[in-house]
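> Provided herewith is a single structure, encoded as structure tokens, for subsequent inquiry.
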Amino acid sequence: MRILLISDLHYTLPQWDWAVRSAPRFDLVVLAGDSLDIASSVPLEAQVVVTLRYLALLKAAAPVVIASGNHDLTGPDAHGEQSALWLAAARAGGVPTDGDSWLAADARVTVCPWWDGPLGRAAVEAQLAADAARRPTHWLWVYHWPPLGSPTCWTGERHYGDTELGGWIGRHAPDFVLTGHVHEPPFKPTGSWADRIGRTWVFNAGRQIGPVPAHIEIDLAAGRASWHSMLGSEALQLSDAATPARTVF
């Protein structure tokens, strides 16, 4: 299985175009949150319409899953916590999203939402526990925010990570956690696009300007992952015991 990880497109349409063109080369495209942009001059309602169309184009080219990020929240759910309500339309169109579990061959992908309160947090915890009981050879989580303390959440000035995710990784030890949210880590000498936590690889491609998004390619059969950006490219073997030294600086 060859996986393309992208996050934080923030309604950058040329980067969406690139994703659609690139999708046929992969067996799965993962969008790890912040597909919309609350700071855009385009209303969120219009962004949703366009983004759903891009998701349909992606799905026609390759399997795709999409998780929500903080920019994707559009209103309160039934419990009064903020949620990416529009992703229900993506699910109706056949794209697995928040709360879903996608299974192909020997890999399961658990798609986690951006949670906004205690009930959302409890739902994610239950989701991970349920999928832990049915994990195949490879178990991947899509979770928008990297764990606190990881170089994948280093901004260049501080660690800006999720306080809950590290505990869940320690409890369940997935093979991969595919994240985003913090744009800077791969572009900082002491940050990184990859981190090994026990048996788990955490990946964050970061965000860059221009028509091509920073992205990560994971090849499960070849046992390899690589990061690609305007700064350059780096690669590692999934069998590595720790993250290799940076080479682009």
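> Taking the residues in the stretch 149-167 that are in contact (Cβ under 8 Å) with a residue 40 or more places away in the chain and not small (Gly, Ala, Ser) as candidates, determine which candidate is surrounded by the most Cβ atoms within 10 Å (Cβ to Cβ).
That would be Thr152.
> Would you check if Arg21 is open to solvent by 50 Å² or more (accessible area, probe 1.4 Å), of a type in the set (D, E, K, R), under 25 Å from Ala130 (Cα atoms) and assigned to a helix (DSSP H, G or I)?
no
> Mind telling me which of the residues Ala214, Ala173 ends up being within 24 Å of Arg121 (Cα to Cα), hydrophobic (A, V, I, L, M, F, W, C) and in contact with a Gly (Cβ under 9 Å, 6 or more places away or on another chain)?
Unique residue meeting the criteria: Ala173.
> Take the residues in the stretch 166-197 that are small (Gly, Ala, Ser) and over 18 Å from the mean Cα position of the chain (by Cα); name whichever of them is farthest from Pro118 (Cα to Cα).
Of the residues in the stretch 166-197, the ones small (Gly, Ala, Ser) are 166-167, 170, 173, 180, 191-192, 194.
Then keep just the ones that are over 18 Å from the mean Cα position of the chain (by Cα); that gives 167, 170.
Working: Gly167: 16, Gly170: 20 Å.
Looking at residues that are small (Gly, Ala, Ser) and over 18 Å from the mean Cα position of the chain (by Cα), I get Gly170.
> Here is a follow-up. If you check Thr243, Thr200, Thr163, Thr155, which single one turns out to be of a type in the set (S, T, N, Q) and farther than 22 Å from Trp114 by Cα?
The match here is Thr243.
> A further question on this structure: Kindly indicate which of Thr74, Thr97 is in contact with a Leu (Cβ under 7 Å, 6 or more places away or on another chain) and crowded, with 21+ Cβ neighbours inside 10 Å.
Sole residue among the options that is in contact with a Leu (Cβ under 7 Å, 6 or more places away or on another chain) and crowded, with 21+ Cβ neighbours inside 10 Å: Thr97.
> Is it the case, given these coordinates, that Ala194 is under 20 Å from Val142 (Cα atoms), modelled with pLDDT of 95 or more and open to solvent by less than 10 Å² (accessible area, probe 1.4 Å)?
yes
> If you don't mind, there's one more thing I want to ask. Just a yes or no: is a residue in the stretch 123-130 open to solvent by less than 10 Å² (accessible area, probe 1.4 Å), hydrophobic (A, V, I, L, M, F, W, C) and under 19 Å from Val29 (Cα atoms)?
No - not one qualifying residue is present in the stretch 123-130.
> I'm checking my understanding of the structure. Among residues of the stretch 146-162 that are within 16 Å of the chain's Cα centre (by Cα) and in a strand (DSSP E or B), which one is nearest to Val177 (Cα to Cα)?
Pro147
> With Phe203, Phe249 as the choices, which residue is open to solvent by less than 10 Å² (accessible area, probe 1.4 Å) and modelled with pLDDT of 95 or more?
Checking each option against the conditions leaves just Phe203.
> Where residues in the stretch 24-46 are under 21 Å from His183 (Cα atoms) and in contact with a Phe, Trp or Tyr (Cβ under 8 Å, 6 or more places away or on another chain), which of them is surrounded by the most Cβ atoms within 10 Å (Cβ to Cβ)?
Ala32
The values are calculated or read from the model by the stated rules, or taken from the named source; none is laboratory data. On a predicted model such as this, the values are computed, not experimentally measured, just so you know. Reconstructed Cβ throughout: ideal geometry from the backbone, glycine too, with neighbour counts over all protein chains shown. The area values use the complete protein model at the heavy-atom level, side chains included, leaving out ligands, DNA and RNA. Shrake-Rupley method; radii C 1.70, N 1.55, O 1.52, S 1.80 Å.
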